[in-house]
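The values are calculated or read from the model by the stated rules, or taken from the named source; none is laboratory data. Keep in mind that what you see is a predicted model, and the values were worked out from it rather than measured. So basically every Cβ, Gly included, is an ideal-geometry build from the backbone, and we count neighbours across all protein chains shown. SASA here: full protein model, heavy atoms, side chains in, ligands and nucleic acids out. Shrake-Rupley method; radii C 1.70, N 1.55, O 1.52, S 1.80 Å.
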Amino acid sequence: MDAPKNTLDDDGAGRPKAAPVLALLLLLMAAVLWWTVQPHNPFPLAVLAGTLVSWLLLAAAVRALRRIRPARTKPMTVGAVVIAGSLLLGLAVLSAPPATSNDSARYAWDGIVQNAGISPYAHVPLDESLVALRPSWLFAPGTAAAKGETRCAPDLFATAPVPTRGSPSGEPLCTAINRPNVPTIYPPTAELYFLGIRLAVPDAVGYLAFQVGGLLVSLAVTLLLLAALPRLGLPRYVAAVWAWSPLVLIEGVNNAHVDLLGGALLLASGLLLTAGKTVKPLRSGAMFGAAVATKLIPAIAAPALLFRRPVRFIGAALATFALLYTPYVLTAGWSVIGFLPGYLKEEGYSDQIGIRFALAQFVSGGPWPMLLSAVALLALALTVLRKTTAHNVWEQQTQMIGLALLIISPNYPWYALMLLPFVILSRYWEYIGVMIALNIIYLLPGDPVFSGPVNRGSLAAAAAAIAVGAWRRRRASHLDCARHGLETTPEMAG
């Protein structure tokens, strides 16, 4: 294990040529990311290609960071370099509107509605009673076509327009919000985040406000990692895997997905529970409750957080979750459930269409993949619950989240934003394959006859990488035990 130091050279070997190599790699990565997120790119696989190339450049940049040390006359800490690189790459992805998702359009609308004193769960975006709140970068009149559908100019908004009709008038309407005919799906922590950004920035400011918010959250996670890594006996340079990763930069900053906030809260929960003699189960539970109230999916991380004072942890988590929901329930009642049931059906979780439960589909077809996946998730959760201790929590958390994502196989790579910090703390690097597989599933266009096998193959490859990693660690552990036994046998015989 590398010993943590404050200089860039964790192994003590001076390699002055690595510094300009690192600078060149970061500049090249910034250029690739800039190209990746630019709108109207004529190359149809630009985002996928740029993402995969950025992962390769990240690996090279982290390796270069590990190999250099600062000049004696101009000392520079690892943290400063990591943060400087994050800002450089962040500026590159802030140069364009969201490249592959318009989710932040809903974030902005929910914030605008709340800022007007209205519950985001009470009205759909098409509701014409809220027409006075509509900014021009989210809504515009549409044109009625011959067959009655609505037409929208392709460059009407910064992201692809959604043709629809106002309610109740039925007038043609164009909006940047996806699913404008249903209420919001986002839980209260997310809604408070949306409101906070709208309170800080005028409604007329478009996506950039949420993109900058994503960059600030990503920097907060970077600082948490930089503070935690030395305490855990790990080198600071590995924080760059988070700060410079294309997953964070594209999905967390450019696309501004609120999952970034959920992942930050989940990391804070784990760190509070493992803070040596100052363990804080109540604060940890509160952070976990807030994380689940951001996007619900962080709930899969619970089994690896119940190893220390679980009653206090669970109580604090439930109390925080309920407290966050209370004001919204009081104003909107059961409407706070929002579009969640419809979303689960639409995304194929209720009828296992497409890529859902892909690993189980290798074993069986028909109605069985969902059942097999549920059994696998239960077995995984019970195993993690039984095995987790303060000494292996990061490894168990990586396995819990990473394997759950493989089993569920969602379409969306931003779900893995909560996985990456634990990959860094455990250094189970093979789990990055899960993130790359989800990138491929989301970004690969084309006929399902072609993309289906590729998507399943990428998930199978990620699972194989995890299996190989587990085998190598077990083999290394057995060799260490055997070596230790050979060293101690003569002493025992004497």
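Points worth noting:
Residue by residue, here is whether (1) open to solvent by less than 50 Å² (accessible area, probe 1.4 Å); (2) in contact with a helix residue (DSSP H, G or I) (Cβ under 8 Å, 6 or more places away or on another chain); (3) among the polar types (S, T, N, Q); (4) modelled with pLDDT of 90 or more holds:
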site: ASN6; (1), (2), (3), (4): no, yes, yes, no
site: VAL37; (1), (2), (3), (4): yes, yes, no, yes
site: LEU58; (1), (2), (3), (4): yes, yes, no, yes
site: THR100; (1), (2), (3), (4): yes, yes, yes, yes
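- Every residue from the stretch 283-311 that is aliphatic (A, V, I, L, M), open to solvent by less than 10 Å² (accessible area, probe 1.4 Å) and within 17 Å of TYR193 (Cα to Cα): ALA291, ALA293
- Candidates in the stretch 312-323 are the residues that are buried (at least 20 other Cβ atoms within 10 Å of the Cβ) and farther than 22 Å from LEU419 by Cα; of these, the one that is nearest to the chain's Cα centre (by Cα) is THR320.
- Within the stretch 139-154, considering residues that are open to solvent by 60 Å² or more (accessible area, probe 1.4 Å) and part of a loop (DSSP other than H, G, I, E, B), the one nearest to ALA105 (Cα to Cα): PRO154
- With respect to the conditions (1) farther than 20 Å from LEU403 by Cβ; (2) touching a helix residue (DSSP H, G or I) at 6+ places or on another chain (Cβ under 9 Å); (3) open to solvent by 10 Å² or more (accessible area, probe 1.4 Å), GLY233 lacks only one, and its number is (2).
- Test result for ALA46, open to solvent by less than 30 Å² (accessible area, probe 1.4 Å) and either of a type in the set (A, V, I, L, M) or modelled with pLDDT under 95 (or both): yes
- Flag if ALA160 is in a loop (DSSP other than H, G, I, E, B), open to solvent by 40 Å² or more (accessible area, probe 1.4 Å), out of contact with any His (no Cβ under 6 Å at 6 or more places or on another chain) and free of Cβ contacts under 8 Å to residues at least 60 places away in the same chain: yes
- Qualifying residue in the stretch 83-96 (condition: more than 30 Å from LEU234 (Cβ to Cβ) and surrounded by 17 or more Cβ atoms within 10 Å (Cβ to Cβ)): yes
- Of all residues in the stretch 299-327, those that are modelled with pLDDT under 95, of a type outside the set (A, V, I, L, M, F, W, C) and either closer than 23 Å to LEU378 by Cβ or outside any helix (DSSP H, G or I) (or both) total 3.
- Of all residues in the stretch 235-277, exactly one satisfies the criterion of being at positive phi and either modelled with pLDDT under 95 or in contact with a Lys or Arg (Cβ under 9 Å, 6 or more places away or on another chain) (or both), namely GLY276.
- Qualifying residue in the stretch 105-127 (condition: of a type in the set (Asp, Glu), assigned to a helix (DSSP H, G or I) and either out of contact with any helix residue (DSSP H, G or I) (no Cβ under 6 Å at 6 or more places or on another chain) or open to solvent by 20 Å² or more (accessible area, probe 1.4 Å) (or both)): no
- With respect to the conditions (1) within 25 Å of PHE321 (Cβ to Cβ); (2) open to solvent by less than 20 Å² (accessible area, probe 1.4 Å), LEU249 lacks only one, and its number is (1).
- Single residue of the stretch 190-205 satisfying the filter (free of Cβ contacts under 8 Å to residues at least 24 places away in the same chain and β-branched (Val, Ile, Thr)) that is farthest from TRP137 (Cα to Cα): VAL201
- Residues in the stretch 172-214 that are in a helix (DSSP H, G or I) and touching a Ser or Thr at 6+ places or on another chain (Cβ under 8 Å): THR189, ALA190, GLU191, TYR193, PHE210, GLN211.
- Enumeration of residues in the stretch 180-202 that are over 20 Å from the mean Cα position of the chain (by Cα) and open to solvent by 50 Å² or more (accessible area, probe 1.4 Å): ASN181, LEU199, ALA200, PRO202
- The stretch 213-235 residues that are of a type in the set (Lys, Arg), paired with ones that are modelled with pLDDT under 95 and open to solvent by 20 Å² or more (accessible area, probe 1.4 Å) (beta carbon under 8 Å, 6 or more apart): ARG231/GLY276
- Any hit, the stretch 278-288, residues being at pLDDT below 90, farther than 17 Å from ASN411 by Cα and assigned to a helix (DSSP H, G or I): yes
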